[in-house]
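Okay, so here's the structure we're looking at.
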Amino acid sequence: MAVAPPLLALQNATLTFGGRPTFQEASVAVARGERICLVGRNGSGKSTLLKCLAGLIELDAGERFIQPGAHVAYMPQEPVFEPTMTIAEHVAEGLPGHEQDGATRYKVEAILAEVGLDPDRKLVDLSGGEGRRVSLARVFVAEPDVVLLDEPTNHLDIPAIEWLEARLVDYRGAILMISHDRAFLNRLSRRVLWLDRGRLRSLDKGFAAFDEWSEGVLAAEAAEEVRLDKKLASETIWLRQGISARRTRNMGRLRALMDLRQEKAERVGIRQAKIGTAAVTESGGQLVVEAKHIAKSFEQVPPDGGSETKLIAKDFSTKVVRGDRIGIIGANGAGKSTLLKILTGDLAPDAGKIRFGVNLVPAYFDQHRSRLDGEASVRDNLTEGRGDQVFVRGQPRHVNSYMRDFLFEDRQALTPAKALSGGERNRLLLAKVLAQTSNLLVLDEPTNDLDMDTLDLLEEVLADYDGTLFLVSHDRDFLDRLVTSVIAVEGDGEVEEYVGGYSDYLRQRPTKTEPAKAEQAKAAPKATPAPAKAEKPKAARLGFKEQHDLQRLPGVIEALGQEQTALQKALADPQLYARDRAAFERATARLDALQAELAEAEDRWLELEMKKAELG
């Protein structure tokens, strides 16, 4: 089979910043029709590599190739807008050698109608989601041969993400994207580029295969280091162990989440699409908030003048108890933040009753990072300028040790916060917020700009949090892994709660009528609907073998985990290879096989637990 010639390529590319190589001898070729994702830690140089491909940064060594006549469009992670320009003028600049003729106006207006934006609006006071849609319109207006997208789903609501997915699925050109959205990458990617410690590796499979592949790469590196009897650098030790630990699915946490969802279902009635307000007997401190028949609306001024009433909620009830993890979803502008303020006591409803528990101690994550001091160092932001100790939920820790928990290197302690990447600033704010003593966490879009490793870390921390969580997020995979129920702000006052994660919400929500769909489409980009999947007939109950597996697998997983721990401890002995090479090789081979067995057992157990919960 002939290989398509590249439209865009880097050959043996090297770039150095601040005396340290961002990447060395990196080669990548992008051919027509390819779907490539670029992954790596925040600060590893992904955005820089994308800018080199776009021709915005000159290489120290190596070559950049672009096929003559090929058009490459680049969308930055943090675009800069000229506030005096209109949206249409900004988007028109995405056309090669654009002129304000009739054809240009038609193309610009067509793409802006697709993303639901007013062409004559000025580029001032755009929300994060609106700015992202403007940037996407500028990229797509000329139908380029190659699109380079840096975190395209940041700040987008779920309808806009689904629109973008549908557009990219049908796109004929090549796509190279950086994203932290696992669901987005799983659907779109066919090849993975991994930028890790200055080295660019390639996997000729989609992102769904990345975790297992990268684990194997790291394990092989560690084994090679032991074989050569070399001591790993301290940075590599904590990095490798941290990634491995967080990517290894934890059966205990999965079981705990399933138990919490079952408990929530018993309180509200899982078979009802609209959640009820069943009474719960509580001892002191169990209740967080109880809302009964609340309503909220406010007056707003539309772009064409006059005034109109925006209805957020018209008859919403819920009861949140300690330990619940509530995800809040909805289109941008639907009223998620307003509802969150009502449920946390920052805003009163127009009607209905709301009751709060006693002794609530909240901690807030603000997506605009207003609690960070840009001029202060990473260390001083965490310690508030008080030496080298940070109090983490009341317990003192050395600041460098705590920084490593959030994937910062010791050398970054004195780096000003303003010099960090967007993902690193988010990570710093998370470290600051999660150090606080609290029993209620309120997180507003915490996943923006975060890399996969930090998302795994955040999931781990939140899974172990024994307080209550309110989470506003558009990350569907993150919601699936974490929350016990989803509150969907659907617009026009419709607010419903569904037990489970985002996938459970999709399964449980009622089918909307065509007029309702048309009305909802006014506030969101026009997404091409995915073809409906035929549902498999449900079994009435678990089969005998399934019940047997469900009972025996916890013991199997525990035994495999204990064996894994023992093997890892044995292989940590740097003298093992020199002392008994055969034993070292047997242990290495068994550990590789054991990891596959453990993953298979955990996947089977989770599949059966979810099926059991679905059957009720």
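The values are calculated or read from the model by the stated rules, or taken from the named source; none is laboratory data. Please read these numbers as outputs of a predicted model, since none were measured by experiment. Every residue, glycine as well, gets a Cβ built from its backbone with ideal geometry; the counts of neighbours run over all protein chains shown.
Say whether the condition of being assigned to a loop (DSSP other than H, G, I, E, B) and modelled with pLDDT of 75 or more is met by at least one residue in the stretch 573-581. Scanning the stretch 573-581, I find at least one residue that is assigned to a loop (DSSP other than H, G, I, E, B) and modelled with pLDDT of 75 or more, so the answer is yes.
Of 477, 449, 466, all but one fail to be farther than 30 Å from residue 314 by Cβ, in contact with an Asp or Glu (Cβ under 8 Å, 6 or more places away or on another chain) and not in a helix (DSSP H, G or I); the exception is 449.
Scanning the stretch 380-422 for residues that are of a type outside the set (A, V, I, L, M), over 26 Å from the mean Cα position of the chain (by Cα) and under 29 Å from residue 150 (Cα atoms) returns a single hit, 411.
Look at (1) within 11 Å of residue 43 (Cβ to Cβ); (2) of a type in the set (Gly, Ala, Ser); (3) in contact with a helix residue (DSSP H, G or I) (Cβ under 6 Å, 6 or more places away or on another chain) and you find that residue 423 fails only one, number (3). Looking only at the stretch 155-169, which residues are of a type outside the set (Val, Ile, Thr) and farther than 19 Å from residue 7 by Cα? Across the stretch 155-169, the qualifying residues are 155, 156, 157, 159, 160, 162, 163, 164, 165, 166, 167. Only helices (runs of 4 or more DSSP H) whose full extent lies in the stretch 109-207 are considered here, and the ones with at least 2 residues that are in the same structural domain as residue 26 (by TED's automatic domain parsing), within 24 Å of residue 92 (Cβ to Cβ) and of a type outside the set (Gly, Ala, Ser) are 128-140, 158-169.
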